[in-house]
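Okay, structure first, notes after.
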Amino acid sequence: MKQQFQVTGMSCAACSAHVEKAVGALPGVDNVQVNLMAGSMAVNYADNQLDAQQIIQAVVDAGYGASVKGEKAKTDTSADDQKELKTMQNRIVTSFVFLTLLMYVSMGSMMGLPLPSFLSGIENAANFALTQFLLTLPIIIVNRKYYINGFRTLMHRAPTMDALIAVGSGAALVYGVFAMYQIGWGLGHQDMERVHQYTHDLYFESAAMILTLVTLGKYFETRAKRKTSEAISKLMDLRPETANVLWQGQEVQIPVDEVQVGDLVVVRPGQSIPVDGVITEGQTALDESALTGESIPVEKGAGDTVIAATINKTGFITFRASRVGEETTLSQIIHLVEEASASKAPIAKLADRVAGVFVPVVLLIALVTTIVWLAVGETFTFALSCGIAVLVISCPCALGLATPVAIMVGTGVGAENGVLFQSAEALEELHHVNAVILDKTGTVTEGHPVVTDVQAYGISEQQLLEIAYGLEQASEHPLAEAIVTYAKEQSTKTLAVQDFEAQVGSGVSAVIDGKHCLAGKATMLEAQGIALEAGTAFGEQLAEQGKTPLYFGQNGKFIGIIGVADVLKPSSKEAVAQLKHLGIDVTLLTGDHRKTAQAICNQLGIEHVVAEVLPQDKEREVRKLQEAGKKVVMVGDGINDAPALARADVGIAIGAGTDVAISAADVVLMKSDLMDAVNAIRLSRMTIRNIKQNLFWAFLYNCIGIPLAAGVFWAAFHLKLNPMFGAAAMSLSSVCVVSNALRLRLFRPLTAAKQTVAGCPTGCKQTTIEANRKEVKTMEKTIVIEGMMCGHCSKHVHDALVKLDGVQEATVSHEAGTAICALTAEVSDEVLTNTVKEAGYQVVEIR
């Protein structure tokens, strides 16, 4: 079974590594993942060999606290975070007050500031040292947590960052006390040279500064980390506390946790929907933006579903509860986001391995540094200073935070924009993809037929609609439903219908206003001797466009054609263009016949189509692309898409699809908008790039900082790091990593602006992107480029390419690593390659 735990007391990546190691060693544990950011742990274990209490005990034995994670724990965590921040604020204020006084006493004379007479002069050296010691003690006391945790982890032979701080500042403090005794001995024996030497080597200010700066850095880091989990907090805040339920005809307000499946719930305008359900009475418009990101309220009436946390904007409604408690859509979204945030991406494995041995290695380096400097003849003060600097500058936190903080922000930003990642692995894997397979029905199309064309012959269009409405009202065929819906929208008059008859696979017939009328396939009307020559060309034109023409006759005469089709979703065309813009090959997969599929591809600009595939064959098509070396994304919505979604490197389920499809997918799109598949890929690439930046900074910082602190550059350049500056640098490194990850919150999804296509009687929608992106030209080449890191790189490549004869425009993206060149004349691959190389970048391939 899989269980979630809350873990307390972790302060750095080494802590999480030790907790993982301790729990992973238990018999029956299959997998354990500890998230430092969320203070959580997910354990997969055999419940017949192990129970939750044994897992908690293993964490306690490792020197930390743990409890089973539940609803109460989630609430308490927020309060605990607030309490921790308040405590840290008090510690910082106390530390800075005493540090300011301490720095004045210890450094004031060097800056020409006056000191009290009892602290001035060599004869008052004992007072001078004792005063500094007394001013240091309050800072030591308020920050004693570092010593308690640090030395406890040392005793457990699992040292953490707190151990580095405790040993580093503790060594400075102990040396200061040692110097005090030396000053006392010197004054007692009139050894003024000894007194003078140790008066300048007290190191109390270093110990105090280390603790103060580390606490300040931890405070900023904690505040920043709280912002990374704001997405989950916002989702939790959406849940209303109470619900108005109808009991025995009376309206009663009860806590939302007490609502049962089947209860009738009343919601007034302005109130939030407390649980999921189906409307039984009333009409309204619901604001679902908090869950789907769609700002336009959705009209709802009797029989429609409502989702918890959406806001009732206009009408008074009553609905029957269908999902309550942890079963509501909102609770599942929160659970999904928490799971994804707490999971680990494969890219984090290297950092975790390093963090697991980082602290012991740093302790060894500090010890070796001290011994080596003593061995080469340097003073004990110099050697100790280098050893302490190594301890306090080393930062396993920057390494440990590099990945999880970016994952947490990335999954949170996705949730806020209607894109739910089921795991961190899916978030990482998505940035590799170079091929997308789109299911047609319900994914790129609306998933239900609508009327697209009405053409009358010999009568008016209104008369044709009246006859069609009368014929199709009694039919249960999906195409008939489309005509009836359209007729109602046009306020079509109802005619008297008699002798209705449905001919399976052909059409329908009836007597309307005393006239015999027919509707169906061309063959049905021709079999009745009705000549269709007048509408043959129009019917063939509809068929070529992937539409279904329905032919109508009256008293032996041909009277018209109505075209019906499953139309494209508003954003599909632009989504396909954006996928191609990102350098991704797009394939349409459908069970429809090839002519219909090709018509859809022509509208969308898709070059590859696989038509007439059976549901069980969809998975095979995904496997074919993978065997060709592609990283494949499958986007679908139905039960028949589930095997293909599971087979793909990343499966993306349309949110309006079936539960089976969603459970088989790695990413869920809440809005059923294909544009969100583009946004998911963009967010994945942006997140992984952010993680790589964090890891680069963390490794670089430690690789430069530790040798500098150890005095490696002292002999050649006389460069040596003061422990106080080392502590400041260490604190800033973690803050920098977290702050860089928070830049992901600036991510803005691409959206589509709706416009009506002229000539479509149903007002079909198409979309254009709300950005200054050039239209994809018919004659183009896509260059895959390595080495572009920012917007300036894109500009360099763009400026170089557009100077070439024959290149009309170049759309360059450092995010996608591509340059799409619109050509007015033939430009050889060699010329393009050399141009990019001269700009300073490497060409991988040209398509």
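Data overview
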| read-out | value |
| --- | --- |
| Distance between the stretch 99-116 and the stretch 482-509 - C-alpha centres, whole angstrom | 96 Å |
| FRET efficiency, GLN89 to LEU364 (Cβ-Cβ, R0 41 Å, nearest 0.05) | 0.70 |
| Shape of the stretch 235-323, Cα gyration tensor, a/c cut at 1.5 | oblate |
| FRET E, pair THR222, ASP304, Förster distance 45 Å, beta-carbon r, rounded to 0.05 | 0.55 |
| Per residue Cα convex hull volume in Å³ - calculated over the chain | 227 Å³ |
| Expected 222 nm ellipticity per residue - DSSP helices of 4 or more, -39500 (n - 2.57), all of the chain, to 500 | -15500 deg cm²/dmol |
| Tilt relative to the chain, helix 125-142 - C-alpha long axis, 0 to 90 degrees, to 10 | 30 degrees |
| Area accessible to solvent at PHE151, 1.4 Å probe radius, in Å² | 90 Å² |
| In Hz, Karplus ³J(HN,Hα) per residue of the stretch 646-651 (6.51, -1.76, 1.60; θ = phi - 60°; x = Gly, Pro) | 6, 6, 4, 4, 9, x |
| Per residue Cα convex hull volume in Å³ - calculated over the stretch 124-177 | 60 Å³ |
| Solvent exposure ordering (accessible area, 1.4 Å, most first) of LEU26, LEU719, LEU674 | LEU719, LEU26, LEU674 |
| The stretch 461-551: chymotrypsin sites (Phe, Trp or Tyr not before Pro) falling in loop per DSSP and having at most 11 other Cβ within 10 Å | none |
| Cα gyration tensor, the stretch 73-205 - rounded (a/c under 1.5), prolate or oblate | oblate |
| Contour minus Cα-Cα distance for HIS432 and GLN82 (0.36 nm per residue) | 122.1 nm |
| Spatial separation of Cα centroids for the stretch 788-811 and the stretch 525-579, in angstrom | 45 Å |
| With every protein chain in place, the chain: carbon and sulfur % of accessible area (1.4 Å) | 55 percent |
| Principal-axis tilt of helix 533-544 within the chain, Cα atoms, nearest 10 degrees | 20 degrees |
| Long-range amide H partners of GLN808 with built H, under 5 Å | ALA822, LEU823, THR824 |
| Accessible area per residue, Å², the chain with all protein chains present, probe 1.4 Å | 44 Å² |
| Acute angle (nearest 10 degrees) that the helix 594-604 long axis makes with the longest principal axis of the chain, alpha-carbon atoms | 50 degrees |
| Distance violations [Cα-Cα > 27 Å] among LYS440/LYS671; LYS69/LYS631; LYS69/LYS313; LYS781/LYS837; LYS300/LYS595; LYS781/LYS803 | LYS69/LYS631; LYS69/LYS313; LYS300/LYS595 |
| The stretch 130-259 - Rg over Rh from alpha carbon coordinates, Kirkwood radius | 1.41 |
| Global geometry of the stretch 463-523, whether rounded, prolate or oblate, following the gyration tensor of its Cα atoms and the 1.5 cut on a/c | oblate |
| Rg to Rh quotient for the stretch 437-595, alpha carbon positions, Kirkwood Rh | 1.05 |
| Linear extension gain, ALA628 paired with THR782, 0.36 nm per residue minus alpha-carbon span | 53.5 nm |
| Cα-derived Rg over Rh, computed across the stretch 366-448 with Rh taken as Kirkwood radius | 1.46 |
| Over the chain, relative contact order from alpha-carbon pairs under 8 Å, at least 6 apart, % | 11 percent |
| Cleavage-rule hits, GluC sites (Glu not before Pro), the stretch 559-623, DSSP coil, Cβ neighbours within 10 Å at most 16 | GLU607, GLU612 |
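The values are calculated or read from the model by the stated rules, or taken from the named source; none is laboratory data. These numbers were taken from a predicted model, which means no experiment stands behind them. Note that each Cβ is placed from the backbone with ideal geometry, even for glycine, and that neighbours are counted across all protein chains shown. Note: areas computed on protein heavy atoms with side chains; ligands, DNA, RNA excluded. Shrake-Rupley method; radii C 1.70, N 1.55, O 1.52, S 1.80 Å.
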